C-alpha cells in the first residue's frame, strides 16, 4: 500500500468515527470537526486540524519523507483511539462480579436441592 493510500485510509477512518460516534455533519475533517467540536474529547479538535493540514501537505508534495508519513499515521492512530468509544473497567468489573455471583448462587442452590431436582427430572 502506498503512502497516499495510507493517508487517505486513515483520514477516512477518522471521518467515519466523527460521523458515526459524534454525529458530525459536513465534508472533510475540518467541517466534521467543527460541527461536533463541543462533543469531542479534550484536544482532539486541535489534533484533527493538524492532521488535516498534514494530509494536505502529504498529498500535495511529490517528495514526501517517510518520517512525516509515519508521524501522520501515528497521529491518526492516536486520534482514532481517543474517538473510539470504550467501556470502562468499572462496567466490566461489575459484569464479571455479577456473572460469578449468579453462577455461584446457582451452584449452591442446586447442590442444596439436588435431591428434589433429580426427583423431578427422573434422574433417580
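Residue 38 - would you say it is touching a helix residue (DSSP H, G or I) at 6+ places or on another chain (Cβ under 8 Å) and farther than 15 Å from residue 12 by Cα? No.
For the stretch 59-68, residues that are assigned to a helix (DSSP H, G or I) and in contact (Cβ under 8 Å) with a residue 12 or more places away in the chain total 3.
Somewhere in the stretch 105-115, is a residue touching a residue at least 12 places away in the same chain (Cβ under 8 Å), part of a helix (DSSP H, G or I), surrounded by 10 or more Cβ atoms within 10 Å (Cβ to Cβ) and in contact with a helix residue (DSSP H, G or I) (Cβ under 9 Å, 6 or more places away or on another chain)? No, every residue in the stretch 105-115 fails to be touching a residue at least 12 places away in the same chain (Cβ under 8 Å), part of a helix (DSSP H, G or I), surrounded by 10 or more Cβ atoms within 10 Å (Cβ to Cβ) and in contact with a helix residue (DSSP H, G or I) (Cβ under 9 Å, 6 or more places away or on another chain). Need pairs with beta-carbon distance below 8 Å; first residue surrounded by 10 or more Cβ atoms within 10 Å (Cβ to Cβ) and within the stretch 69-97, second not in a helix (DSSP H, G or I); sequence gap 6+ or separate chains. Going by the 8 Å Cβ cut-off, the qualifying pairs are 82/41; 83/40; 83/41.
All of the numbers you see were taken from the coordinates with simple rules; none came from a lab. Remember, predicted model here, so these are calculated numbers, not experimental data. Note: ideal-geometry Cβ built from the backbone for every residue, glycine included; neighbour counts use all protein chains shown.
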